[in-house]
Amino acid sequence: MTNDALSNFLESLKADVIHSLQSNGKIATGQSAQQITIVNDGGKAQLQLPGYLHILETGRAPTGPNPIAGSPPMIDRIKEWCAAKGIPDKAAWAIKKSIDKNGYKGTLGILSEPLSDDNINLRLNPATENIADTFTQQIVNSI
């Protein structure tokens with residue numbers, strides 16, 4: 001796949017994931033969208049998503065005994081979220097305690113829909129057509 005076609009394909013998937021987060025009300029600070037990146041390494045490219053986006057879809061179990069603190073700590077992330085949503089800072093501890101006790105219910109489809117086989121094929125078709133056109137033009141020009 002040519003680099004431009006691959007980059008365009010990955011950019012379209014990135015846009016689909018961001019749109020899915022927005023349409024499901026899961027972007028408060030914009031930090032999640034900024035952490036979705038496309039990494040090019042020579043002839044390879046990857047769409048990289050922060051691991052916690054998976055939790056938005058699948059949910060999170062209640063906190064177990066002897067938990068390992070996250071980086072940044074969950075309370076800091078909750079405080080940022082509260083500030084972005086206009087929720088008083090003191091509510092952050094109550095939200096954290098609720099998540100610790102009850103877990104967090106995920107929202108199905110946030111990642112699985114934009115990264116589904118059907119959507120990937122939909123986004124991949126223009127890229128493969130572009131590549132075929134480029135190769136065809138190169139063959140015609142060499143004749």
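The residue list Q22, N66, S112 was ranked by how far each Cα lies along the charge dipole of the chain toward its positive end, using unit charges on Cβ atoms, and N66 comes out on top. Close lysine pairs were tallied over the chain: pairs 8 or more places apart or on different chains with Cα atoms under 27 Å apart number 25.
Multiplying the sequence separation of A15 and Q137 by 0.36 nm and subtracting their Cα-Cα distance, what value in nm do you get? Please list the in-between numbers first.
Values: separation 122, 0.36 × 122 = 43.92 nm, distance 2.96 nm.
Stretched out fully, the A15 to Q137 stretch lengthens by 41.0 nm.
Between S116 and Q34, the contour length at 0.36 nm per residue exceeds the Cα-Cα span by 27.4 nm. Of the trypsin sites (Lys or Arg not before Pro) in the range 11-51, not one is in a loop by DSSP (not H, G, I, E or B) with at most 13 other beta carbons within 10 Å.
Taking a sphere under 15 Å around the Cβ of N130 and counting the other residues whose Cβ falls inside, with K and R at +1 and D and E at -1, yields a net charge of -3. For the chain, the mean residue ellipticity at 222 nm estimated from helices alone is -18500 deg cm²/dmol, where every DSSP H run of n ≥ 4 contributes -39500 (n - 2.57) and the total is divided by all residues, rounded to the nearest 500.
Could you check which residue among G42, G25, G51 shows the biggest mean-square fluctuation in a GNM of the chain with a 10 Å Cα cutoff? Judging by the Gaussian network model, the answer is G42. Note on R60: accessible area approximately 80 square angstrom, rounded to 10, probe 1.4 Å, nucleic acids and ligands left out.
The values are calculated or read from the model by the stated rules, or taken from the named source; none is laboratory data. On a predicted model such as this, the values are computed, not experimentally measured, just so you know. With ideal geometry, Cβ positions are generated from the backbone for all residues, glycine too; neighbour counts draw on all protein chains shown. We work out accessible area using only protein heavy atoms, side chains counted, and drop any ligands, DNA or RNA first. Shrake-Rupley method; radii C 1.70, N 1.55, O 1.52, S 1.80 Å.
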